[in-house]
Each structure stands twice: as C-alpha cells, then as structure tokens.
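Read through the structure below, which is laid out as structure tokens, and then see the notes.
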Amino acid sequence: MASEETRTMTPPTARSAAAHDARKPGGAATRAWTMRLLVLGIVLSALNLRPAITSLGALLEEVRDGLGMSGSVAGLLTSVPPLCFAVFGVMAPRLARRFGAGAVVCAGMAAIATGLLIRPYAGGTGGFLAGSALALMGIAVSNVLMPVIVKHWFPDRVGSMTGLYSMALALGTALAAAVTVPLTDTLGGSWQTGLALWAGLAVAAVLPWLPFVRGRATPPGAEEEAAGATRTRGPASPSASAEHARVEAPRLPASAEHAGVEAPRLRMVRSRTAWALAVFFGLQATAAYITMGWMAQIFRDAGVPAGTAGLLLAVTMVMGVPLAFVIPRLATRLPHQGPIVIALGVCGLAGYAGLYLAPAAGAWAWAVLLGVANCAFPLALTMVGMRARTGPGVARLSAFAQSTGYLISIPGPLLVGVLYQHSGGWGLPIALMSALMVPQMVVGFLAGRDRTVEDEAAR
C-alpha cells in the first residue's frame, strides 16, 4: 500500500532533518517557521485557484450582456480555463528547474492578481479573454507545482496536506460563487467591480512565497542528505529491484525548488497508469468546468433567482471543503482507489438526473450531489502523489496528467454552450454531462490500481 510505503520512506528523512537542525544554531526554530510559512503559502495559493472561474460563472449573464456575447462565445469563454491549464501547465516543471518552484508559484499569484484586475476593464471580448488568460496562466503553473511541493516538503503527510490544499481550493471556489453577486450589488451593481475585487486575495497570496524566491529554500537536511547519498551510494545496478528503489528514493535531494533536476528518464506516454490518470483528470475537469461555468445559469433558466443560483453553485463547491480533506486521507489508506471513483460517479449521475427532471424543485439536493461528484479532483491529485515513488516522478506525472487532462477537457464547456444555444434548452447538455461520467468512472478505476509510473515508464 502507498501509505505503508510512505511510512517506510519517511523516518530516514525525518532523522536527517532533525540531525541537521540540531547541529545548526536556531535551526529547529527556523525550520518550524519555514514550514508554517510554507503551509500558509499553500493555503492562500489554493484559495486563489478557482475564484477567477466561479466568480465569472455567477455573473456570466451580466458579462454576456455587457460584452454582447452569444451562447457559443460564452461556451468558448468557459473553455478558456482548461486550454490555459493545458498550454501553460506543461511548462511548470521546466520553469521550476530554472527559477525554483517558490519563484514560479509567487509569479503565478502575481499573474492571477494582474489578470483579475485588468480583465473587466480591458474593453471588449478580446481584452476580457486576454486578461482571463493571464490569470489562468498563473493558476496553471500553480496547479501543477502544488502536488510537487507537497510531495517534497511533506513526504510523510501527502494525504493530509493534499486534503488541506484541496479543502482550501474548494473553500475559495465556493466563496467566490456565494459572495460575488451580493458583493457586486453592495458595490453598486457593476459586474466589472464584482470580478475585479478578487485580485486582492491573489495579492495576499504573493507574500508568503517571497522568502522562497529570495532564498530558494530547501527542506532542512536536503543538501546534507544528498551529499551523504553521493558519498555512500555507487551507480545503481540495472538489476536493482523495485524494493531497493523504494528504499533509496528518500535519499535523493528532497527540494521542490529543484524538482526534476535528478529526474529519472521517464516516458509517461509508455505508462498505462499515467494515461488512465490523465484521462480521468480530463473527464473530471470537464465536469467541473461545465458545473462552474453553467450550473448557475441552469438554475436561473429554471426560475431560480440569481442570488439563490449563486448560493446553489456555492453549495456545490463548498462540499469539497470537508470531503477534500477526508477523501485524500481515505485514499492513501486503500490499496485501490477505484471504489471511491465509483461512489463519486454515482453521485454525479444522480445529480444530473435531478437537474433534468426537476431542476428547481430539488435544486439543493442536486447541488449537494454534484458537489460530492466534484471531489474527484482532490482524489485525482492524491493519486498523482501515490502513482509515483519519487519527487521528480511526481513532477513529471503531475505535468503529464494535468496538461493532457486539461486538453481533453477543452471541448466540453464549449460543446455545452453550442448545444444550449441551438437546442434552446438544457436537455442535450445534461445528457452529454451524464454520458461523460461513465468513462470517467472506468478510467478512474484503472488509475486507482496500486502501481507506479516509474515501473511502467522508465527507459
């Protein structure tokens, strides 16, 4: 089991870090503050990874009217997030190797703040798309690097830290959905102001990462660990067993700032597990972005007031707050994560059926069910950390799964917009959403098997 493997791997790293701190004056206190600052940075960053999208979903009708968008163009707008995540996410490991993961995430938060501030006032649909793309570029690189940072700095707490990160992400998503409309009304009713105010949260997220930019900080003991490994370990034998690799892996430098420098020569396209995880990631992202972009509009078209529709979207998003903490911890304790995938998929199918049959009458129940189904995202992030043994392997798998997955998810929101405009209702779009849930359950079940990409993709 992955959790057992993590427990086996952790003690040498912990002992090395403790020894390093004991020999360094003030080292224990410095390490404690560094870790607290890092946790704060992770939480604030996660809070900023979805408000750019859900705040737009809550005000999509006002934005469409203000910019003169058709339903198809609005569908294109809701497809921009996965497109940007696919294009820019693949660059994240290379940027991290060159500039350091801390610097990249810090720059990502600054890009989010700038994009959110300028897009409502850029003028026209083209300027709005450009500002959105800038913000989404920052989100994309942070999306990819967060699992890497968690794996390197918290190797013994992958499940709990992924849960904390996912919980903060869900909270930010829900908060933007719930309060954007009321805040917009309070501030005068301008949709431009309602969208731009989220730039302030991104500015706050820049600050905790500044020390990691200047110092290119590494986990205490990482450099000493690497030096010791170099002195005591010779070249690896081609016949070394997988068990030996698992024991040796923690002795690699554990710095997220240098993720991939000592990366094994992996070809992710040769790994069936990597492909299954990428497709699972893509299909759950399709469902998530359709939900974030269109669910409020589905309820509004069914006669639900705009403010209530925003609250329903917030309920869907806020379900990820407790479940995003529970599901990763549960997943790391299971040898196979397939049963969790199936349970989440069944909730999604039930929610879509409710949206089709009685969208207004059972609105709160459907919002809860779809919120449970959306917790496939923290499960996918957890499986990224579990399907690779080493930090560099996680970096490569994270980039491959997320970039490929977001490419897969691009057509979904756009197709929903086209079907909605040309059919005049939500029957066909909801049928599409339901149909996509079936292959999501299949590939998620395959991705949940207990194996690692290093065994499948090593050259």
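The values are calculated or read from the model by the stated rules, or taken from the named source; none is laboratory data. Keep in mind the model is a prediction, meaning the values are calculated, not measured. Positions of Cβ are backbone-derived with ideal geometry, glycine not excepted, and every protein chain shown enters the neighbour counts. Just so you know, the surface numbers come from the protein's heavy atoms only, side chains and all, with ligands and any DNA or RNA stripped out. Shrake-Rupley method; radii C 1.70, N 1.55, O 1.52, S 1.80 Å.
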Some residue of segment 28-43 being buried (at least 24 other Cβ atoms within 10 Å of the Cβ) and modelled with pLDDT of 75 or more: yes
Verdict on VAL372 being of a type in the set (Val, Ile, Thr), within 28 Å of MET161 (Cβ to Cβ), open to solvent by less than 50 Å² (accessible area, probe 1.4 Å) and at pLDDT 85 or above: yes
Boolean, MET161 is closer than 18 Å to VAL326 by Cα and open to solvent by 40 Å² or more (accessible area, probe 1.4 Å): no
Exclusive hit being in contact (Cβ under 8 Å) with a residue 24 or more places away in the chain, outside any loop (DSSP other than H, G, I, E, B) and under 28 Å from LEU311 (Cβ atoms), set VAL80, VAL148, VAL105, VAL144: VAL80
Conditions (1) closer than 22 Å to ILE290 by Cβ; (2) outside any loop (DSSP other than H, G, I, E, B); (3) under 16 Å from the mean Cα position of the chain (by Cα); number of the one not met by GLU61: (3)
Odd one out for GLY75 among (1) crowded, with 23+ Cβ neighbours inside 10 Å; (2) at pLDDT 75 or above: (2)
Scan of segment 169-190 for residues that are surrounded by fewer than 23 Cβ atoms within 10 Å (Cβ to Cβ), hydrophobic (A, V, I, L, M, F, W, C) and within 22 Å of MET295 (Cβ to Cβ), ordered by number: LEU171, LEU175, ALA178, VAL179, LEU183
Residue under evaluation LEU197, criteria (1) over 25 Å from VAL90 (Cα atoms); (2) open to solvent by 50 Å² or more (accessible area, probe 1.4 Å); (3) within 16 Å of the chain's Cα centre (by Cα), criterion not met: (3)
Residue in segment 438-452 that is modelled with pLDDT of 90 or more, touching a helix residue (DSSP H, G or I) at 6+ places or on another chain (Cβ under 6 Å) and outside any helix (DSSP H, G or I) present: yes
Residue in segment 315-330 that is over 23 Å from LEU432 (Cα atoms), under 18 Å from the mean Cα position of the chain (by Cα) and charged (D, E, K, R) present: yes
Any hit, segment 90-107, residues being touching a Ser or Thr at 6+ places or on another chain (Cβ under 7 Å) and under 30 Å from LEU67 (Cα atoms): no
Breaking point among (1) farther than 22 Å from ALA170 by Cα; (2) part of a helix (DSSP H, G or I); (3) out of contact with any Lys or Arg (no Cβ under 8 Å at 6 or more places or on another chain); (4) at pLDDT below 95, for LEU397: (3)
The one condition in (1) open to solvent by 10 Å² or more (accessible area, probe 1.4 Å); (2) assigned to a helix (DSSP H, G or I) that ASP156 fails to fulfil: (2)
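How many residues are over 24 Å from CYS106 (Cβ atoms) and either open to solvent by 30 Å² or more (accessible area, probe 1.4 Å) or in contact (Cβ under 8 Å) with a residue 40 or more places away in the chain (or both) if we restrict to segment 123-141? First the steps, then the outcome.
Going through segment 123-141, the residues over 24 Å from CYS106 (Cβ atoms) turn out to be 123-129.
If we keep only those that are either open to solvent by 30 Å² or more (accessible area, probe 1.4 Å) or in contact (Cβ under 8 Å) with a residue 40 or more places away in the chain (or both) too, we end up with 123-126, 128-129.
Residues that pass the stated criteria total 6.
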Residue among SER398, SER409 that alone is touching a Pro at 6+ places or on another chain (Cβ under 6 Å) and farther than 23 Å from TRP294 by Cα: SER398
Residue, surrounded by the fewest Cβ atoms within 10 Å (Cβ to Cβ), within segment 375-389, restricted to residues that are modelled with pLDDT of 85 or more and not in a helix (DSSP H, G or I): CYS375
Residue list for segment 5-27, restricted to those being assigned to a helix (DSSP H, G or I) and either hydrophobic (A, V, I, L, M, F, W, C) or modelled with pLDDT of 50 or more (or both): MET9, ALA14, ALA17, ALA18, ALA19, ALA22, GLY27
Test for PRO392: is it open to solvent by 30 Å² or more (accessible area, probe 1.4 Å) and either touching an Asp or Glu at 6+ places or on another chain (Cβ under 7 Å) or more than 16 Å from MET146 (Cα to Cα) (or both): no
